Amino acid sequence: MFVGYFLVKWSMPRYTGMYLSSLLLVVGDIYLWSAFRKRVFSYNLLLKMLLTFIYWLPLMAVIFVIFGAGLVPVIEWNDVFRNYLFGFIFVVYTAKLLPILFLLLADTSLLIGRTFHLSKKKKRVEINKEHEGITRSRFLQYLGFLSGGLVMGSMFVGMFKWVFEFKVYRQKIPVPELPKSFEGLKIVQISDFHLGNWGLTKPMDEAIETIMNLKPDMIVFTGDLVTFSTREAYRFEEQLKKLKAPMGVYTTLGNHDYGLYVTWPDEAARKQNMTDLYNFFDRIGWIMLNNENVVFGGGEEQLALIGVENWGANKRFPRYGDIDKAIKGTEEAPVKILLSHDPSHWDKVIIPENYPINLTLSGHTHGFQFGIESEKIKWSPAQYVYKHWAGLYKSPMTNHYLYVNRGIGSIGYPGRIGILPEITLLELVKG
């Protein structure tokens, strides 16, 4: 146990906090194997060896990651290989959770039965019933294996199909102060590319075509271009250059863009990563708003676009956003739109301190990449973590709005189930 901890600390020091939960998964893996092996060992030798190898393959993949990261930093791995390797590990261990739970219920049921000392007569009846059907314990085991298989199948579909089923959300935003010259202004918002988690580059062409077909006046990106380091973005450079709009393409930073989720050789390397990111945005023609703003129009016909660096209510996320600095120079603009990656910034700072921001655009949550969205139901585990996690929200105290984009990429699990990758078309209307 201690050897494993020090291996993780040596190879991936930023993830040592996850070691205990990973260890519990391994214990669960061994526990599930105790039931699985009873089925496997009844097969012929060749099939037995094959199934044993398949069962333990995810654990071997985890060990490979730990040792591999010690030899070659994760950020230097091939993005496609890393994406699908991590995705495979995540999917299989998530799918194993239900069988483990049902097996635990089965063993608990069996233990309770033994604790109450069932009579021999009842035992004989149960044995006889086994010839007619299955015991409760075995039924729970089968149910566990079946549910685990369904989860695994759904998650693999989410990885290879739904993750690239881009959905356009159209939303009209009423702005009472909107100058006449900006009525009907069309803004396309995209967020959370996490380019290192894209296994393929071809779907990017489809995403860009979809965006450009919406004929936006302005395109905004609300952070998290990459997951670990700037180099993830390089293979998409020529494609991203195709995103253009009459009023420009604007971006701000998300928590992942700072390169805080990897261990750099030194501080100079981390700073160089940021310089590389700024240079990348320059090359593709996106305008960075780091606690800055740009004002369109003149006189009373003004609209200000403001961008802040990341600011998150959760202290484990960076708080570099400076709204007071960013808003300077926009006093005469009757309409102000803010780009702020984390929606908690709106809830904890913008609204409580009554900043004159008509519309805040955020991302960050991804809608947890899992949930149910229909005309009557809107549910995701994200709602237990974020007060505002997807779609349009209005402050009860003011006439100000927040829109939370569900993200166009993925992180952790390189797939989506129920919450599809989003491209948002926002239209400003007088109202």
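Derivation of every value follows stated rules applied to the coordinates shown; laboratory data play no part. If you're wondering where the values come from, they're calculated on a predicted model, not measured in any experiment. Backbone-built Cβ (ideal geometry, glycine too); neighbour counts: all protein chains shown.
Taking a threshold of 27 Å on the Cα-Cα distance, which of the pairs Lys336/Lys376; Lys38/Lys96; Lys167/Lys315; Lys96/Lys161 fall above it? Let's see the in-between values first.
Working: Lys336/Lys376 32 Å; Lys38/Lys96 17 Å; Lys167/Lys315 32 Å; Lys96/Lys161 22 Å.
Flagged as over cut-off: Lys336/Lys376; Lys167/Lys315.
For the range 273-365, DSSP calls about 50 percent of its internal beta bridges antiparallel.
For the chain, give the magnitude of the charge dipole about the Cα centre (Cβ charges: +1 Lys/Arg, -1 Asp/Glu; no others), in debye to the nearest 20. Don't skip to the answer; put the middle values down first.
Numbers: 47 positive and 39 negative charges, 554 e Å.
Computed about the Cα centre, the dipole is about 2660 debye.
Membrane-span-like helices of the chain, defined as complete DSSP H segments with a Cα extent of 15 Å or more along the helix axis and a mean Kyte hydropathy of at least 0.0, are identified as 19-40, 45-71, 79-115, 136-160. Classification of the range 254-365 by its C-alpha gyration tensor yields an oblate form. The axis ratio a/c (a ≥ b ≥ c) is 1.5 or more, and b/c is at least a/b.
Quick check: from the Cα gyration tensor, does the range 173-244 come out rounded (a/c under 1.5), prolate or oblate? Since a/c reaches 1.5 and a/b is larger than b/c, the shape of the range 173-244 is classed as prolate. Need one word for the range 167-429: rounded, prolate or oblate. Basis is the Cα gyration tensor (sqrt eigenvalues a ≥ b ≥ c); a/c below 1.5 gives rounded, then a/b vs b/c decides. The shape class here is rounded. Using a cutoff of 8 angstrom between alpha carbon atoms and counting only pairs six or more residues apart, the relative contact order for the chain works out to 19 percent.
What fraction of the DSSP beta bridges in the chain is antiparallel, stated in percent and rounded to the nearest 5?
Values: 18 of 48 bridges.
The answer is about 40 percent antiparallel.
On the beta carbon distance between Leu260 and Arg114, with R0 = 41 Å, the FRET formula returns roughly 0.20. By the helix-only formula, in which each DSSP H run with n ≥ 4 contributes -39500 (n - 2.57) and the sum is divided by residues, the chain has a 222 nm mean residue ellipticity of -13500 deg cm²/dmol.
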